[in-house]
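Report on the following structure.
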Amino acid sequence: MSARLQRRDRRPDGVIPTCRAEPPSAIFGDYRTSTPMPDNAAPAASESPSPTHPRRVMVLGATGSIGRATVAELLRRGHTAMCFVRPGSAARVRLAPGAGVREGDLTQPGAFARDGLRGEPFDAVLSCLASRTGAPRDAWAIDHDAQRLALDAAREAGVPHFVLLSAICV
């Protein structure tokens, strides 16, 4: 971890906060069905497992390939998916039927709390955000800064889980 991140993350008492990692199945339920299946078989697309505890999930990056698939799977499993997207992007990208959509600029401080979370309770924020180019400037703006703003807003709002699906910032 760079000194820059350590200084920024350090609380006033000097402690650098850590997060508790949990597998996604601990939050959204197990992906496996209750009936054992052969190793080479997949559940039928029509099967819709019912979650023990349906979750209300805010999804970031929902208009990308992984985000759209994630939203569709959350809905298929009986969870509620609210998608926070860039202004105008919901009109260009078709999201799964049943997905809620809110628009705002995640790179602006306060925008996610105001336009996305809106003081409403969520069980988790699931971020599929990714920089478009992967160039250092874009990566810092989206893969670090926007993720950090979202994490801070979720923490401040009392959202108990924040799941980051990522490749570049692992």
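Any read-out appearing in this document is the output of simple, stated calculations on the displayed coordinates, not a laboratory observation. From a predicted model like this one, the values you see are computed outputs, not experimental measurements. Neighbour counts are summed over all protein chains in view; Cβ atoms, including those assigned to glycine, are modelled from backbone coordinates with ideal geometry.
Could you run the Karplus curve 6.51 cos²θ - 1.76 cosθ + 1.60 with θ = phi - 60° over the stretch 85-93 and give me ³J(HN,Hα) per residue in whole Hz, x for Gly and Pro?
10, 4, x, x, 6, 5, 6, 8, 10
Cβ under 10 Å from R86's Cβ, R86 left aside: what net charge do those residues give with Lys, Arg +1 and Asp, Glu -1? Write out the running numbers ahead of the final one.
Working: positive: R92; negative: E103, D105.
Around R86, the surrounding residues sum to -1.
Could you work out the Rg to Rh ratio of the stretch 100-144, with Rh taken as the Kirkwood radius (inverse of the mean 1/r over all Cα pairs)?
Values: Rg = 12.1 Å, Rh = 11.9 Å.
Rounded to two decimals, Rg over Rh is 1.02.
Go through 92-103, 52-63 and give me the packing order, highest mean Cβ count within 10 Å leading.
Numbers: 92-103: 14.4, 52-63: 21.0.
The densest-packed peptide leads the list: 52-63, 92-103.
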